[in-house]
1. If you look at just the Cα atoms of the range 163-264, how large are its Rg and its Dmax in Å?
2. For n ≥ 4 DSSP H runs only, could you compute -39500 (n - 2.57) per run for the chain, divide by its residues and tell me the 222 nm figure to the nearest 500?
3. Given the range 3-256 reduced to its alpha-carbon atoms as identical point scatterers, what log10 I(q)/I(0) does the Debye formula return at q = 0.09, 0.15, 0.17 Å⁻¹?
4. Quick one: how many lysine pairs in the chain have C-alpha atoms under 28 angstrom apart, if they're 8 or more apart or on different chains?
5. About its Cα centre, what dipole magnitude does the range 3-256 give when the only charges are +1 on Lys and Arg Cβ and -1 on Asp and Glu Cβ, stated in debye to the nearest 20?
6. Over all directions, average the projected area of the Cα convex hull of the range 1-144 and note it in nm².
7. Equivalent-ellipsoid semi-axes (√(5λ), Cα gyration tensor) for the range 1-84, whole Å, largest first?
8. With a cut-off of 8 Å between alpha carbons and a minimum separation of six or more residues, what is the relative contact order of the range 3-256 in percent?
Amino acid sequence: MRIFDPHIHMTSRTTDDYRAMAANGVLAVVEPAFWLGQPRTNPGSFADYFDSLIGWEPYRASQFGIRHHATIALNPKEANDPRCRSVLNLLPRYLDKDGVVAVGEIGYDSMTPAEDEAFAVQLALAVEYELPALVHTPHRDKAAGTKRTLDVVAESGIAAGMVAVDHLNEVTVGLVKDTGCWMGFSIYPETKMSPPRMVEILQKYGTERVLVNSAADWGHSDPLLTVETGKAMLAAGFTADEVDQVLWRNPVEFYGQSGRLDLSSVSPEASFEGSSIKRGGS
């Protein structure tokens, strides 16, 4: 089983997680820019964070033979903080980078006017830079938030096939299914989706345009739940080819639209004076 996790926040994970992922067939990941828990107070902290997503994390992943890509954006939650507004002006600097395969996460947290504005601006950037868009649907009032998300996407002029609407569930998947957008599902140990629930959705809606991810952020999460979803699919009667479509070929197709996806093999670099991680200048 080969796995491409299309949405996983490796900044919040340990090297043990990378090791376990590699041992279980995870060959590639995409890490979306997101809220770090502690509110950021100036655009400079975002610049440092974005730099880590396109520099440090790809290096760290490579030590375990995993290809790492990123999506860059001002996330919905922090779009409400006026101190962070000028982060939007930083984005063109990063959307030109080779390892950036989409604009994201964008969309809604609390569905405020500030989020409306940031969402529209960043969809326009996705169109300008010919990149896919990874869209976060709100955790509260999810059905209304998903409908509003789809309205904004339609108004933006971006091609539906360039958009992944993420954090869907049984209530919202039907809203997205016939729009042409990709359908994203985050698998968690206790909240959001579980492997058995994901299998039921796949049985009802099929395997086309479906992206299954572990998200694996600061909360109670598990970077191997993509693996568990694949096992649950096989146990439920899905073929190995269908599992490969959901866990590998679908994310390759979606992010491949960026023209920047690099899935060539990567090998760990030699240790540095007895340490597995380099020290020194940037």
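1. 13.1, 38
2. Roughly -11000 deg cm²/dmol at 222 nm, from the helical runs in the chain.
3. Values, matching the q order: -0.35, -1.03, -1.35.
4. Going through the chain pair by pair, I get 18.
5. 220 debye
6. 9.0 nm²
7. 27, 12, 10
8. 19 percent
Every number in this text was worked out from the coordinates using simple rules, so none of it is lab data. Remember, it's a predicted structure, so these values are computed and weren't measured experimentally. Don't worry about glycine lacking a Cβ; one is built from the backbone with ideal geometry, like all the others, and counts go over all protein chains shown.
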